Structure formats: C-alpha cells, structure tokens
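Right, one structure below, let's go through it.
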Amino acid sequence: MWEQIHSNQRRSAILVIGMGLLLLVLGYVLGLYFMGSTTGGMIIALAVWGIMSLVALFQGDNILLALSRAKKIERDDLPQLYNVVEEMKIAAGLEYMPDIYIIDDPAPNAFATGRNPRKAAVAVTSGLLQILNRDELQGVIGHEISHIKHRDVQLMVISGVLLGTIVLLSWAATRYLFFGALMGGGNRRSSASGGGGYIQIIVLAVGIILMILAPLMAQLLYFAVSRKREYLADASSALYTRYPEGLASALEKLAASKNQLKSANKATAPMFIINPLHKKGMSASNLTSTHPPLAERIRILRSMAGGASLSDYDGAYRQAHGGGKGVMPTSGLAAAPVSLRSATGEKEDNKLDRARQVSDVLWRINRYRTTTCDCGTRLRVPQNFADERIKCPHCGRVTKI
Amino acid sequence: MVAVYVIIGVVVVLGITFAVIYNGLVGRRNEVRNSWAQIDVQLKRRHDLIPNLVEAVKGYMKHERGTLEAVTRARNLAQQETSSGAGKRAQVEGELSSALSRLLAVAENYPDLKANQNFLALQEELTSTENKIGFSRQYYNDSVLRYNNQTQMFPSSIVAGMAHFQAGEFFEVSVAAEREAPKVSFS
C-alpha cells in the first residue's frame with residue numbers, strides 16, 4: 001500500500017515541476033513575441049503556474065465535482081447509499097468519511113476525488129443507483145474507496161487541473177498566433193528590429209509544436225492513472241467486500257449500458273470507473289484505450305475462486321494473461337488468506353423502488369417542493385413558483401402548497 | 001581510539017534500529033486499538049437499535065414472544081460484557097446476531113409489518129449495522145494479524161519482548177450459523 005502512495009506522491013511532484021518548466025518555456029517564447037522581453041513572459045508564466053498549482057492543490061476536487069455537475073447529498077437523502085459508503089470506509093480502514101455526491105445522468109458511472117484522505121468525495125450517477133443492487137453498489141463503492149485509500153485521487157486532481165489548463169492555454173496561444181500570422185500580424189514589433197520575421201516563424205513553429213503536444217498532454221493524464229491502478233482498485237474492492245462477484249456483475253451492467261455521460265470530458269474521463277467517453281449508441285466495453293478492457297476485468301474477478309486477498313487477484317490476473325508477471329504491489333501479497341462470502345441476495349427485484357427513491361432525491365436537491373394531492377398524485381413545484389395554490393392536472397382539485 | 005569509535009558507531013546503529021522497530025510496533029498497536037474502537041461503535045449502535053426494533057414489532061408479532069425475549073435477553077447479556085476482552089465479547093455478540101437474524105427471518109411472515117415505514121427504516125439501519133460490524137471485524141482482525149506477525153517475527157520480536165508488547169486477541173465469531181453467513185439478508 002505504501003509503495004503505491006509514494007509512487008502517487010512522486011508522480012504528483014513530477015507533474016507540478018514539469019508543468020512549471022513547460023510554462024517557463026511558453027512564457028519565454030510568448031514574452032519574446034508579445035512584449036519583447038523574455039523576463040516579463042517568464043514572470044507571468046511563473047505567476048500562472050503558482051496560481052494553477054494552488055488551485056489544483058486546494059480547490060481541484062471541487063472544480064472537478066462542479067465540472068461533472070455533481071450535487072452533494074446527506075445521509076437522510078439516500079440512507080442506503082450512505083450506509084454502503086460507510087461500510088466500505090470501515091472495511092478499508094479509512095479515518096474520515098468521504099462526502100457523497102450524485103450526478104443526474106442516466107449513464108451508470110462513478111468516480112472518486114479528493115485532495116487528501118481527510119477531504120475526499122465519492123460521486124455516483126443516478127443511472128448507477130437505479131440499475132445496481134446492494135451487493136453490486138458495494139463493489140463499485142469499494143473500488144472508489146480504494147482510489148481514496150491509495151491516494152490515487154490526489155494525483156488525479158492535480159494532473160487533471162494542471163494538464164487541463166495547459167491544454168487550454170496552448171490552444172488559445174496557437175489560435176492567436178495563427179490568426180496573427182494570417183492577417184500579416186506581428187506589426188507590433190516588425191519595425192523594431194529587422195529580425196522580426198525570423199522570430200515570428202520560430203514562435204509560430206513553437207505554437208504548432210505545442211498544439212501537437214496538447215493531445216499528448218491529455219495522453220499523459222492517462223498514463224498517470226495507469227491501468228495498474230484500476231486493477232489494484234478492483235482487487236481492493238474484492239478484498240473489502242469479500243465478494244468479487246458483486247463488482248464483476250456491476251461492471252457487466254455498466255458495460256452493457258449505451259448511454260453517454262453528458263458532463264464528462266477528456267480531462268475528467270480517466271477518473272471514472274469505466275470510460276464515460278464511448279461513442280453514443282456503442283457499449284462502453286468497446287473502448288479500451290484509457291481503461292483496461294472491461295471483459296478482462298470481469299473475467300479476472302470471476303476467476304477468483306480461492307479467496308478475496310490481493311494475491312488471489314494476482315493469481316487470477318496471471319491466469320488471464322497466461323502466466324508472466326502479476327500486477328499487485330509486492331507488499332500486498334504477503335497477507336494471510338482471505339475467505340469469500342456468499343451473496344446477500346435481495347429477494348425481490350426492487351428496481352422500481354430504487355428508481356423512485358433516486359428521483360425523489362434529485363427533485364429535492366434541485367429545490368423542487370413536493371406536495372401530494374388528495375387523489376394520490378405527487379406534484380413537483382419549482383422553487384420560484386409564485387402562486388400559493390396549484391391545480392392538480394390529474395383530478396382538477398386545487399391544492400395549497 | 002578506533003575501537004572506541006567502532007563501539008560508539010555500533011551502539012548508535014543499534015539504538016536507531018531499536019527506535020525504528022519500536023515505533024513500528026507502536027504504530028501497529030495503535031492501529032489495532034483504533035480498529036477495535038470501530039467495532040465498539042457499531043456494537044453500541046446495535047445495542048441502541050434493538051429496543052426500538054422490539055418496540056416497533058411487538059404490536060405485530062404477538063405470537064413470537066419467545067423470539068422477542070431471546071433478542072432482548074441476548075442484548076442485555078451483551079451489554080453487560082462491554083468491557084470484556086475481544087474473545088468473550090465476540091461470543092455474546094455472536095449470540096445476539098443469531099437471535100436477531102431469527103427475529104428478522106420471522107418478520108418476513110408479517111406483511112403488515114413489512115409495510116410499516118418505521119420498521120423498514122429500522123431494518124435498513126440494522127442490516128447496515130450488521131454489515132459494518134462485519135467489515136470492522138475484518139479490518140480489526142487484519143490489523144491484529146499484522147501486529148501479531150510483527151511481534152513474533154525476527155528481529156522485531158526481540159524489541160517486542162523487551163518492551164512487553166502483548167499479542168492482540170482476534171474477534172472470532174464462534175456461533176456456527178454466524179460464521180456461515182455474517183450478514184442478515186432481507187430486502
């Protein structure tokens with residue numbers, strides 16, 4: 001566990017420093033072009049870097065949650081979800097209870113974020129809550145809690161914010177440069193020195209290189225959350241729940257879903273438990289570039305027959321890959337054998353109840369008031385509804401709000 | 001002169017090694033204590049929930065007096081043992097678990113009860129508390145194992161012996177039915 005945490009901290013530091021160097025180069029070039037002084041550009045770049053890093057370190061998780069349009073819920077909104085998260089928090093031995101957010105989207109997905117174990121959050125979509133039963137939900141939450149426990153979330157937040165900004169910056173810079181070049185730009189300094197045209201070409205070249213680099217930056221993000229982390233999170237989920245079948249069957253349901261998550265983008269995609277950016281109408285299992293293939297993750301979980309420990313997962317992984325090296329950190333392999341448990345088995349399929357509960361919560365967090373008419377129809381009234389009374393569209397009676 | 005330096009060097013290295021191992025042991029022991037506190041919180045929570053449950057179902061289950069009394073008795077017994085060691089507590093709490101699961105199994109036969117909102121909320125609370133007891137037990141036993149391994153393995157066993165680190169006690173559930181299915185299942 002500790003080697004994973006150290007590796008994450010090291011990667012975070014490399015990212016922050018690397019970003020600083022890159023911004024310095026950018027500032028040097030842009031300063032040369034626009035201000036005629038390299039120091040000025042570099043000072044601005046340093047300031048941008050400082051602000052970005054501070055934002056990433058202290059507000060990154062909130063930004064990512066806001067970007068995903070996640071809304072915070074309390075214990076009483078969804079007691080079962082809260083309980084499942086608390087169960088996994090206990091199983092993982094986390095010290096602090098993470099906040100719980102839900103995203104109003106039919107595409108089933110989930111992610112974890114946070115800047116440290118004290119301030120972490122788990123977000124799930126309403127679609128996920130509707131299609132999963134308790135055991136499956138537990139598997140998914142176990143996976144997310146493992147990302148918090150191993151501090152993967154911190155690295156994700158930092159890399160997400162830093163790389164997101166630099167991609168944006170270089171995009172803006174190249175656009176500016178292109179338009180400038182097209183309109184015979186560079187007037188500002190063309191008269192100042194004879195070599196103006198020469199420098200302009202260099203700047204343009206740098207701009208183009210940065211533009212090519214931008215997608216590579218996004219790719220870097222995917223390396224930061226390498227597949228190894230996903231495997232470790234799956235293995236830990238099995239260890240916490242003692243029930244790998246729960247996560248396996250949840251992943252199966254997620255893979256079959258054809259909905260696309262509306263609020264996800266390239267910078268936030270690697271956070272999710274399954275890739276949210278599959279093409280509309282195509283199932284999520286087809287896309288494999290950022291996440292390990294779902295079919296393989298399911299197969300590994302299902303072949304953990306002997307027990308729920310990390311070494312059992314490692315064995316199953318090696319079996320799926322025809323021998324060779326495992327994926328678990330060596331420190332996790334020495335633990336004692338861990339036995340599996342059996343399913344809790346929800347007796348009836350209460351999918352409808354779950355759907356109703358989730359929609360109730362969504363109305364509530366969107367600040368709608370609910371009144372029940374005498375005929376049994378539930379009326380949802382937006383907060384800014386001015387009238388005191390409302391006519392029931394079902395039976396025509398007038399009800400006071 | 002050289003010999004003196006060598007001796008001082010050896011003593012310093014030994015001292016540092018001792019301190020590192022000692023701190024490691026203290027860390028593990030604190031982990032065991034923290035995880036024990038986790039179990040304790042959940043067990044207390046269950047003790048608090050049971051009177052409410054009994055109160056909620058009493059009106060409906062007139063013919064199940066024996067089952068109800070068994071739960072109350074087991075709960076009172078468990079409450080008397082709250083300051084005992086892990087082994088003894090595991091035993092009485094295990095009995096409470098099985099009495100409770102019998103009660104909740106019988107409750108399945110009362111449709112009126114299953115329509116009662118108060119009962120349903122209590123049921124989710126109780127299921128989850130059972131799960132949390134299970135998960136905190138897992139984590140506690142894992143940390144006891146890690147701590148015990150460290151007190152028994154060379155070279156930390158020497159430090160553990162000198163500083164009187166005692167082996168931790170596992171929280172093992174002795175009732176057969178409980179071990180089979182650690183969770184109460186209903187929905």
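Couple of notes before you dig in:
- Spatial separation of Cα centroids for region B:18-50 and region A:348-399, in angstrom: 46 Å
- Taken about its Cα centre, region B:2-180 carries a charge dipole of roughly 300 debye when the Cβ of each Lys and Arg holds +1 and the Cβ of each Asp and Glu holds -1.
- A Cβ-based charge dipole, computed about the Cα centre of region B:99-178 with Lys and Arg at +1 and Asp and Glu at -1, lands at about 220 debye.
- Eligible aspartates and glutamates near B:LYS88 by straight Cα distance, threshold 17 Å, same-chain separation 8 or greater: B:ASP40, B:GLU169, B:GLU172, B:GLU178
- Greater than 30 Å apart at Cα, pairs in A:LYS71/B:LYS114; A:LYS71/B:LYS132; A:LYS400/B:LYS114; A:LYS72/A:LYS258: A:LYS71/B:LYS114; A:LYS400/B:LYS114
- The residue among B:GLY59, B:ALA74, B:TRP36 whose Cα reaches farthest toward the positive pole of the charge dipole of region B:2-180, with charges on the beta-carbon of Lys, Arg, Asp and Glu, is B:TRP36.
- Counting only aspartates and glutamates at least 8 places from A:LYS262 when in the same chain, those with an alpha carbon closer than 18 Å to its own are A:ASP104, A:ASP105.
- Sparse-neighbourhood loop sites, GluC sites (Glu not before Pro) in region B:98-132 - DSSP loop, at most 15 other Cβ within 10 angstrom: B:GLU108
- The distance separating the Cα centre of region A:95-163 from that of region A:1-47 comes to 29 Å.
- Prolate/oblate/rounded label for region A:81-160 (Cα gyration tensor, a/c 1.5): oblate
- Listed by chain and number, the aspartates and glutamates whose alpha-carbon sits under 17 Å from that of B:LYS62, ignoring those within fewer than 8 places in the same chain, are B:GLU108, B:ASP112.
- Partner chain coverage, peptide B:123-131 - average Cβ within 10 angstrom: 4
- Only the Cβ atoms of Lys and Arg (+1) and of Asp and Glu (-1) were treated as charged; on that basis the dipole of region A:44-126 about its Cα centre amounts to roughly 320 debye.
- Three-way shape label, region B:2-180, alpha-carbon gyration tensor, a/c 1.5: prolate
- Rounded to the nearest 500, the 222 nm mean residue ellipticity of chain B from helices alone is -27500 deg cm²/dmol, with -39,500 (n - 2.57) taken per DSSP H run of at least 4 residues.
Quick note: the coordinates plus some simple rules give every number you see, no bench work behind them. Computed from a predicted structure; not experimentally measured. Using ideal geometry, Cβ is built from the backbone for each residue, glycine included, and neighbour counts are taken over all protein chains shown.
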